[in-house]
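Structure first, then comments.
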Amino acid sequence: MPLYPDYPIATDRLTLRPFTRGDVDAVYAYRRREDVARYLFDVALSREECALAVQQRIGQVALEGDGDKIILAVDLTKTGSVVGEVSLILRSADARQAEVGWIFDPEYQGQGYATEAATAILDLAFGAGDIHRVAARCDTRNDASWRLMERLGMRREAHFREHALFKGAWDEEYIYAMLRREWLGRESSFSAPLRAGP
Amino acid sequence: MTSLILPIQTDRLTLRTFERSDIEGLMAYHALPSVQRYVFSRTRDRSEVPDALNVMRGHVSLQRPGDTLTLAAVRRGDQALIGHVALHWSDATAGQGEVRFVVNPVHAGQGYAGEALGALFDLAFDHFRIHRVFARSDGRNHHSIKLMQQLGMRLEAHYREHALFQGEWDEELHFAILDREWQRSTKVKDLPVRNRVA
Ligand SMILES: CC(C)(COP(=O)(O)OP(=O)(O)OC[C@H]1O[C@@H](n2cnc3c(N)ncnc32)[C@H](O)[C@@H]1OP(=O)(O)O)[C@@H](O)C(=O)NCCC(=O)NCCS
């Protein structure tokens with residue numbers, strides 16, 4: 001802390017990099033979809049809203065104070081296509097707490113890309129970021145998301161029932177988390193290619 | 001909502017709003033470090049207890065979200081202040097309330113907290129129409145964990161090292177109960193056997 005990573009970040013198949021103005025169409029291709037927006041706080045976005053979101057993300061590349069976000073575009077290295085995005089939010093600099101998130105284009109789901117990108121962002125958080133605990137949250141119906149959390153080795157810490165309203169109905173939410181020592185001590189049992197941890 | 005009728009009588013306790021004359025009774029426990037973890041009005045030491053009392057004397061009802069109702073629990077026989085319970089209206093649209101409670105350690109282990117909380121839950125669900133009541137607890141506070149389970153609350157979250165409290169990693173549990181789960185008045189309004197119609 002503070003965290004100013006060197007970009008791009010390369011994994012076996014993927015390149016994680018800051019957003020640029022040229023990404024609007026690629027982002028619109030997945031953020032416009034109802035199936036993608038279903039469990040996100042946002043509804044499906046218009047092209048204008050995507051342009052605005054991309055504009056915002058261009059500057060979200062470092063963590064210094066509480067609430068700062070790193071949001072990175074994830075490219076398939078071989079083709080250069082954007083397959084999704086991953087985020088890391090600093091919740092508390094004092095207690096070294098952060099939160100991760102992910103949104104992937106359904107055209108590219110089911111191939112372990114989200115796992116591979118999330119692994120890189122956790123390496124960043126627990127490595128250079130020296131974060132103590134990383135959490136992630138999702139709707140309990142979002143199977144793809146909580147299964148990803150479990151693949152990463154995160155533990156389910158919370159299951160909230162009807163604790164809030166979400167898109168007009170009672171919300172049910174999972175929170176998963178992982179401590180730095182758990183990340184560093186994990187067995188790389190899943191098939192996602194890993195770069196050596198710090 | 002009809003107007004709130006206080007005090008509330010339980011088997012052994014009277015629950016009423018705080019009064020100026022409670023200062024001595026409050027001094028006996030409110031500033032204890034073991035108690036500070038659980039109160040809404042924090043104090044650093046005994047010199048701050050009068051301010052805390054002033055704040056709590058103002059906690060007389062829930063008019064708008066953000067308000068807190070704090071009730072002194074007084075033993076019916078000798079009018080000794082044994083602790084207090086509080087209900088904080090944290091969210092109006094989703095009907096969420098948080099409870100906190102403290103018992104002067106001198107009076108611990110006699111079921112007073114459960115008795116007071118049972119009455120507070122009745123109030124939360126029946127009078128204030130709260131949808132979900134939750135309570136937080138230190139992961140090491142086995143008394144309070146047992147108590148919440150006895151009240152029928154579900155463990156919804158177990159956070160590990162998610163924050164720093166007084167310089168140490170915190171472990172926090174969240175318990176919750178929904179209006180439809182609350183077994184009304186089992187502890188509180190059960191008539192003594194002799195009053196039951198045979
Ligand atoms: C959540 C989300 C990112 C998960 O995407 P995903 O494609 O399921 O995740 P991955 O890329 O890690 O792929 C995992 C799947 O690929 C398979 N896979 C194939 N090759 C793999 C590899 N090399 N490594 C790991 N998994 C691999 C896995 O078996 C798994 O399939 P399964 O779910 O049928 O078991 C995606 O569903 C999404 O973007 N949803 C919409 C937005 C959203 O809800 N975001 C989260 C909000 S909390």
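A short reminder: the numbers here are calculations on the coordinates, not readings from a lab. Note that the coordinates shown come from a computational prediction; the quantities given were computed from them, not determined experimentally. Counting neighbours? That spans all protein chains shown, and the Cβs are built from the backbone with ideal geometry, glycine included.
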Subject >> When residues of segment A:152-173 are limited to those that are more than 10 Å from chain B (Cβ to nearest Cβ) and in contact with a helix residue (DSSP H, G or I) (Cβ under 8 Å, 6 or more places away or on another chain), the one nearest to residue B:174 (Cα to Cα) >> reply: A:153
Original post:
Does residue B:64 satisfy being charged (D, E, K, R), in contact (Cβ under 8 Å) with a residue 24 or more places away in the chain and surrounded by 14 or more Cβ atoms within 10 Å (Cβ to Cβ)?
Top reply: no
**OP:** Go through segment B:130-153 and give me each residue that's surrounded by fewer than 16 Cβ atoms within 10 Å (Cβ to Cβ), basic (Lys, Arg) and under 17 Å from the mean Cα position of the chain (by Cα).
**Re:** B:146
**OP:** Could you list, in sequence order, all residues of segment B:67-88 that are of a type in the set (D, E, K, R) and without any contact (Cβ under 8 Å) to a residue 40 or more places away in the chain?
**Re:** B:67, B:78
Subject >> Close pairs (6 angstrom Cβ cut-off, 6 or more residues apart or separate chains): within 14 Å of chain B (Cβ to nearest Cβ) in segment A:114-126, more than 8 Å from the ligand (Cβ to nearest atom) anywhere >> reply: A:126/A:180; A:126/A:183
Original post:
Is it the case that segment B:96-107 has a residue that's of a type in the set (A, V, I, L, M) and assigned to a helix (DSSP H, G or I)?
Top reply: yes
Subject >> Sole residue being under 18 Å from residue B:120 (Cα atoms), over 13 Å from the mean Cα position of the chain (by Cα) and surrounded by fewer than 20 Cβ atoms within 10 Å (Cβ to Cβ), chosen from B:78, B:51, B:91, B:45 >> reply: B:91
**OP:** Report those helices (runs of 4 or more DSSP H) wholly inside segment B:1-76 carrying at least 2 residues which are in contact with a Leu (Cβ under 8 Å, 6 or more places away or on another chain).
**Re:** B:23-27, B:49-57
Subject >> Condition broken by residue A:84, with the remaining ones in (1) within 15 Å of the ligand (Cβ to nearest atom); (2) without any contact (Cβ under 8 Å) to a residue 40 or more places away in the chain; (3) more than 14 Å from every other protein chain (Cβ to nearest Cβ) satisfied >> reply: (2)
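Taking segment B:146-173 on its own, how many of its residues are facing chain A (nearest Cβ under 7 Å) and in contact with a Leu (Cβ under 9 Å, 6 or more places away or on another chain)?
Step one: list which residues in segment B:146-173 are facing chain A (nearest Cβ under 7 Å), which gives B:156-164.
This time we only want the ones that are in contact with a Leu (Cβ under 9 Å, 6 or more places away or on another chain), so: B:156-161.
Of the residues in segment B:146-173, 6 are facing chain A (nearest Cβ under 7 Å) and in contact with a Leu (Cβ under 9 Å, 6 or more places away or on another chain).
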Original post:
Is it the case that residue A:149 is buried (at least 21 other Cβ atoms within 10 Å of the Cβ) and more than 14 Å from chain B (Cβ to nearest Cβ)?
Top reply: yes
Original post:
Hey, does segment A:89-106 have a residue that's more than 10 Å from the ligand (Cβ to nearest atom), acidic (Asp, Glu), away from every other protein chain (no Cβ under 14 Å) and in contact (Cβ under 8 Å) with a residue 60 or more places away in the chain?
Top reply: no
**OP:** Can you work out which of the residues in segment B:77-95 that are of a type in the set (Val, Ile, Thr) and assigned to a strand (DSSP E or B) is farthest from the other protein chains (Cβ to nearest Cβ)?
**Re:** B:82
Original post:
Identify, please: which residue in segment A:107-122 is touching a helix residue (DSSP H, G or I) at 6+ places or on another chain (Cβ under 8 Å) and over 26 Å from residue A:160 (Cα atoms) and is, among those, nearest to the ligand (Cβ to nearest atom)?
Top reply: A:109
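On the given criteria, is residue A:133 within 14 Å of the ligand (Cβ to nearest atom) and either within 14 Å of another protein chain (Cβ to nearest Cβ) or at positive phi (or both)? Full working, then the answer.
Working: within 14 Å of the ligand (Cβ to nearest atom): no; either within 14 Å of another protein chain (Cβ to nearest Cβ) or at positive phi (or both): yes.
So residue A:133 does not fit the description; no.
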Original post:
If you check residue A:45 against the conditions, is it more than 12 Å from the ligand (Cβ to nearest atom) and either aromatic (Phe, Trp, Tyr) or in contact with a Gly (Cβ under 9 Å, 6 or more places away or on another chain) (or both)?
Top reply: no
